Structures are given as structure tokens and as C-alpha cells.
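J.: One structure follows; several queries about it will come next.
The values are calculated or read from the model by the stated rules, or taken from the named source; none is laboratory data. None of these values were measured; they are calculated from a predicted model. Positions of Cβ are backbone-derived with ideal geometry, glycine not excepted, and every protein chain shown enters the neighbour counts. Surface accessibility is based on the protein's heavy atoms, side chains included, excluding ligands, DNA and RNA. Shrake-Rupley method; radii C 1.70, N 1.55, O 1.52, S 1.80 Å.
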Amino acid sequence: QVQLVESGGGLVQVGGSLRLSCSASGFAFSTQSMSWYRQAPGKEREFVAQIYTGGTRTNYVESVKGRFTISRDNPKNTMYLQMNSLKPEDTAVYYCNDAFQLKPWGQGTQVTVSS
């Protein structure tokens with residue numbers, strides 16, 4: 001069955017870095033554009049970054065441009081999100097899904113940035 005498993009979150013200080021991973025199974029990962037999303041407490045889930053199938057074309061929400069880098073390893077069915085220069089407003093649960101949010105949501109991974 002289709003499964004998305006996020007990992008790599010944690011507690012980090014302002015200015016720190018984390019690398020999130022999204023392990024995918026049950027579908028043709030290499031043929032799908034994939035995205036990262038996040039949901040902060042009391043807020044709706046929002047788009048963070050997208051990567052197209054080949055891995056060279058990406059999109060980011062304005063607030064993370066220049067700080068976050070999305071990438072993918074198609075043979076490993078895995079997507080990554082390198083997060084640098086983290087800010088308190090990056091605190092959220094981070095999720096991965098396809099670009100149309102059609103897959104069942106995973107449990108997410110908590111990122112907490114402390115000041």
C-alpha cells in the first residue's frame with residue numbers, strides 16, 4: 001500500500017540546521033512530483049517546497065527561499081529537505097506528499113526551533 005514516512009525532525013536552536021527525509025513506498029515515486037508541507041500549531045497545513053520528477057526543477061514558498069533545499073533520490077524512493085538558518089517561525093510538523101496531495105498523509109516529523 002501507499003506509504004509516506006517522514007523523519008529527521010527535532011529540537012534545534014535559531015540558526016541551526018536539520019535534514020528531513022521522506023521515504024516513499026507503494027507507488028512509482030520517480031514518476032511523481034513531490035512536495036513538502038508543514039503545519040504549525042493552530043494553523044492550516046501549508047506548502048513549503050516542490051520538486052519535479054527529474055530533481056532539477058524546484059519551487060519554494062517565499063519564506064524559505066535561500067534557506068531550504070529540496071532534493072530527491074529516485075533509486076532510493078526518498079525525498080529530502082535540507083533546512084538551514086532555521087527560525088522560530090519554521091516550527092511545525094513537516095509532511096511530504098505528492099504535488100496534488102493525493103497520497104495518504106504520514107505521521108509527519110516535528111521541527112521545533114527555539115530562541
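J.: Provide the per-residue ³J(HN,Hα) series for the stretch 102-114, in order, calculated from phi with Karplus coefficients 6.51, -1.76, 1.60 and θ = phi - 60°, each as a whole number of Hz, with x at glycine and proline positions.
T.: 8, 7, x, 5, x, 7, x, 9, 7, 10, 10, 10, 9
J.: Averaged over every viewing direction, what's the projected area of the C-alpha convex hull for the chain? Give it in nm², one decimal, please.
T.: 6.5 nm²
J.: Can you pull out the trypsin sites (Lys or Arg not before Pro) in the stretch 55-107 whose DSSP state is coil and whose Cβ has at most 16 other Cβ atoms within 10 Å? Numbers along the way, then the final one.
T.: Working: sites: Arg57, Lys65, Arg67, Arg72, Lys76; in loops: Arg57, Lys65, Arg67.
When the trypsin sites (Lys or Arg not before Pro) of the stretch 55-107 are filtered for loop state and at most 16 Cβ neighbours within 10 Å, Arg57, Lys65, Arg67 remain.
J.: Pick out, in residue order, every one of the chymotrypsin sites (Phe, Trp or Tyr not before Pro) in the stretch 41-115 that is DSSP loop and has at most 11 other C-beta atoms within 10 Å; say none if there are none.
T.: Phe100
J.: Then there's this: For the chain, report the accessible area per residue in Å² (1.4 Å probe, heavy atoms, rounded to an integer). If you can, show how the numbers build up before the last one.
T.: Working: 5940 Å² over 115 residues.
Value for the chain: 52 Å² per residue.
J.: Of the accessible area of the stretch 1-53, with the probe set at 1.4 angstrom, what percent is carbon plus sulfur?
T.: Numbers: 1250 of 2710 Å².
Of all accessible area on the stretch 1-53, carbon and sulfur atoms account for 46 percent.
J.: Around Gly10, which amide H atoms from residues at least 5 apart in sequence, or from another chain, sit under 5 Å from its own amide H, with H modelled in the peptide plane?
T.: Those lying under 5 Å, H to H, from Gly10 are Val111, Thr112.
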